[in-house]
Amino acid sequence: MKIVIVLIGLLTVISVAQAQKVENAAAQIVEEDLIITFDLMPKESIHELYQITIMAHFGNVTKEMQVKEGSLSDVRPGNRLQFVFSGEENFKNIKGEVDFSITAKMTFSPIRFISPEKNGSGKKGKPMDIKWKGGLEEDNYSIDLLRKGQLVSTIETQIEPPAHIWDIPKSTKAGSKYKFMLKSNTNPAQSIISGEFRIKRKIPLVVKVLPAAVLIGVGYILLKDSGSGSEGGDNFPNPPDLPTL
């Protein structure tokens with residue numbers, strides 16, 4: 001069996017769904033097997049997973065290649081990835097030039113929070129940025145608010161990645177040990193919990209108490225200064241004695 005392979009590097013396909021790259025594609029025949037190698041570059045993380053599809057094009061026919069050695073599912077990014085294809089199974093009764101195209105579709109990408117930062121804070125009645133990296137672009141997400149490991153509320157159920165602005169309700173209790181849980185609606189197993197953050201009052205308590213304290217102090221001074229019978233100070237004079245009849 002004779003196979004002539006041309007333009008494989010030029011026919012390498014970059015996945016439309018996620019902007020990772022397939023580079024340095026090459027093919028060679030070893031006995032009756034075809035070996036295809038290439039580099040798969042990650043988008044965000046080396047822990048991403050991809051579904052690889054390799055198509056053979058000859059004349060007006062396009063055929064998906066069936067792998068003999070190696071799995072085309074759950075493939076991690078790496079250099080010199082190698083897959084072996086049986087020539088007899090994939091190219092029986094085929095003659096002439098055969099071109100190949102490689103498509104890598106991301107099926108998993110780990111998520112990590114960018115904000116809020118660990119030990120960060122937000123204020124009641126103010127907006128708070130929630131940002132993350134990773135995940136699949138076609139996914140949408142839900143975000144829950146947790147405190148001390150317990151669900152406080154669901155913030156949103158249909159969020160497009162990779163960010164959301166949360167207007168912190170004024171009814172939210174001020175305090176620490178808050179966290180966000182981000183979950184993919186299409187892949188519930190893909191979820192992540194943020195670091196702890198604090199929710200503060202819009203106006204600090206000391207500022208709210210201070211005006212009342214000042215008024216109490218002023219009232220005390222006025223009462224003290226208006227007393228009678230004390231020595232010193234600006235006391236009013238005693239009225240004159242009335243004439244006797």
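What follows is calculated from the coordinates using simple rules that are stated; it is not laboratory data. Values in this document were obtained by computation on a predicted structure and should not be read as measured data. Cβ coordinates were reconstructed from backbone atoms using ideal geometry, including for glycine residues, and neighbour counts include every protein chain displayed.
Looking at segment 109-173, the GluC sites (Glu not before Pro) that sit in a DSSP loop and have at most 11 other Cβ atoms within 10 Å of their own Cβ are E117, E138. For K177, nonlocal amide neighbours, meaning residues 5 or more places apart or on other chains whose placed amide H falls under 5 Å from its own, are F197.
Once the convex hull of all Cα atoms in segment 16-141 is built, its volume per residue stands at 122 Å³. State log₁₀ I(q)/I(0) for segment 147-204 at q = 0.12, 0.15, 0.17 Å⁻¹ as given by the Debye formula over alpha-carbon point scatterers of equal weight, solvent excluded. Rounded to two decimals, the profile gives -0.33, -0.52, -0.66. The distance linking segment 116-182 with segment 27-54 is 38 Å (Cα centroid to Cα centroid, whole angstrom). Derived scalar couplings between HN and Hα for segment 180-192 equal 9, 10, 9, 10, 6, 6, 8, 9, x, 5, 8, 8, 8 Hz in order, rounded to whole Hz, by the Karplus curve 6.51 cos²θ - 1.76 cosθ + 1.60 (θ = phi - 60°), x for Gly and Pro. In segment 21-64, one over the average inverse separation of all distinct C-alpha pairs is 12.8 Å, which is the Kirkwood hydrodynamic radius.
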